[in-house]
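Here the structure comes first, spelled out in structure tokens, and everything after it is commentary.
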Amino acid sequence: MDHRRALSRLTAAAPAAAAAALLALTTACTAGTVQGRPGASGLRDPYFPKAGNGGYQIEHYDLDLDYDPADRELNATAVITARAGQALSSFNLDLAGLKVESVTVQGEEARFNRTGRELTVRPAKDLKKGEVFRAEIDYRGEPRPIVDADGSKEGWITTADGAVGVGEPIGSMAWFPGNHHPSDKAAYDITLTVPKGYEAVSNGELASRTDTGGGRTQFVWHDRAPMASYLAVAAIGKFKVTTGRTPSGVALYEAVAPAEAAASAPALAKLPEIVEWGSRRFGPYPFGTAGAIVLPAESLTYALETQTKPVFSGAPDEDLLLHETAHQWFGDSVSPKSWKDMWLNEGFATYAEWLWSEDHGGTTAQQHFDAYLKGDTSVDDDAGGDWAAFPPAAPPGAEDISGMPVYVRGAMVLQRIRQEVGDEKFFALLRGWATDHEYGNASTADFTAYAERSTGRDLKKVWDVWLYGEGRPK
Ligand SMILES: [Zn+2]
């Protein structure tokens, strides 16, 4: 792969930066110029070490994407507003494929080069530590899917009547340059321009929909709440759009492939109730808008909790809609610090399914727990699966972060806490966790410390056996 080349580039740059730093030190009092050094090309995520970049944090993305499903050509501009965390002579963005045509930083032409999935930008002037800077990247080309370690496809995927951009864990780099790691959350404005007759759907609220002439329609989407880039979505197709509001006033926007409309109707009819139920169980719904994007069947091999509007491949059932909507609290609002913390997303969303069932007269969370423990498939179809293959807080590799233990054993961890502390403290913990970490990032260590503090109980045995322990707990 490209890791070695990227490393040698950094190593080659390092002595020059060190010499420059020494020079800056000796002339510090008189020199007015900043001597930056290159930002890191990755954030050393345990599973995706090259994902994200060091030396800055992005505050805002302004993406302007013009796409034509007929020739699959994307013509785009990304304007990124970021804050330098160190003096920077250069910084990296993650971008896979596509052709970068020009880059400016602070309005001045910047040099850039590509190595694998890294775009290195060298501003005309070094950036100061703490400086808020604006980088504008013009790029185009045919965006492509990225195949993950577990074989699933993400990135940019063409569908029966359009295309969709999705990005868990790293696929967003296939359609826009960015700091593609969940630890860097930012606000987004996403503008999609498509041929007339298509709908174009993204995160947050639709600010405007305009015919721009030349047979094209422009959709301007705003998401002011901080978002991890893996939760960004752009869906282009011949959707049927329905809008509405939940009883407590959360706006709803549903875009459904016409062939899936009838099959989606029963689950989507429950969405207002799901949002209201979640608000009672987990604290106020974190965003101003909720909804769903239902793609033509078989567009993807999974559903994804894209922020404010989860994406489904074909009609979702009630459990799936519940699961992805629960992620709006657990994953989207409270995002993982690294991909090792994936169970904080999936364990909680799976537990939400159990709880929804329990609260609606179905199988209780304890019955789900017992069914998995005994492998009783009469209670839960999946109970015969290998939920104990590895500890949920320590998946063996990148291909395992969406493995069954992350979901099921993660949910069982929560039920074990409930057994230890009782309902009152447990439900206060769920609400408190979501509310206190709203719009932020959290790690497994943050959770275990929070759980013990919030319940006043030593839960070390639960962590040792269920969260970190090898083998099948009894
Ligand atoms: Zn999930």
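The values are calculated or read from the model by the stated rules, or taken from the named source; none is laboratory data. No experiment lies behind these values; they were computed from the predicted model shown. Using ideal geometry, Cβ is built from the backbone for each residue, glycine included, and neighbour counts are taken over all protein chains shown.
Observations on the structure shown:
- Top-ranked residue in segment 61-92 [being aliphatic (A, V, I, L, M) and in a loop (DSSP other than H, G, I, E, B); ranked as surrounded by the fewest Cβ atoms within 10 Å (Cβ to Cβ)]: Ala70
- Test for Ala411: is it closer than 24 Å to Ser338 by Cα and surrounded by 23 or more Cβ atoms within 10 Å (Cβ to Cβ): yes
- Some residue of segment 205-214 being of a type in the set (Lys, Arg) and more than 30 Å from Gly54 (Cβ to Cβ): yes
- Residue within segment 93-115 that is touching an Asp or Glu at 6+ places or on another chain (Cβ under 6 Å) and either crowded, with 19+ Cβ neighbours inside 10 Å or not assigned by TED's automatic domain parsing to the domain that holds Arg216 (or both) present: no
- Cβ pairs under 6 Å, 6+ apart, first in segment 309-337 and in contact (Cβ under 8 Å) with a residue 40 or more places away in the chain, second basic (Lys, Arg): Glu318/Lys270
- Selection within segment 414-430: residues that are crowded, with 17+ Cβ neighbours inside 10 Å, hydrophobic (A, V, I, L, M, F, W, C) and more than 15 Å from the ligand (Cβ to nearest atom). The member of this set that is nearest to Phe369 (Cα to Cα) is Ile417.
- Test: Pro38 is at pLDDT below 95 and in contact with a helix residue (DSSP H, G or I) (Cβ under 6 Å, 6 or more places away or on another chain): no
- Boolean, Gly249 is part of a strand (DSSP E or B) and surrounded by fewer than 15 Cβ atoms within 10 Å (Cβ to Cβ): no
- Failed criterion for Arg224 (all others in (1) surrounded by fewer than 20 Cβ atoms within 10 Å (Cβ to Cβ); (2) within 30 Å of Lys337 (Cα to Cα); (3) modelled with pLDDT of 95 or more hold): (3)
- In segment 53-78, the residues that are closer than 17 Å to Glu118 by Cα and touching a Lys or Arg at 6+ places or on another chain (Cβ under 7 Å): Tyr56, Gln57
- The residue list Tyr253, Tyr285 contains one member that is among the aromatic types (Phe, Trp, Tyr), away from the ligand (no atom under 16 Å from the Cβ) and in contact with a helix residue (DSSP H, G or I) (Cβ under 9 Å, 6 or more places away or on another chain), which is Tyr285.
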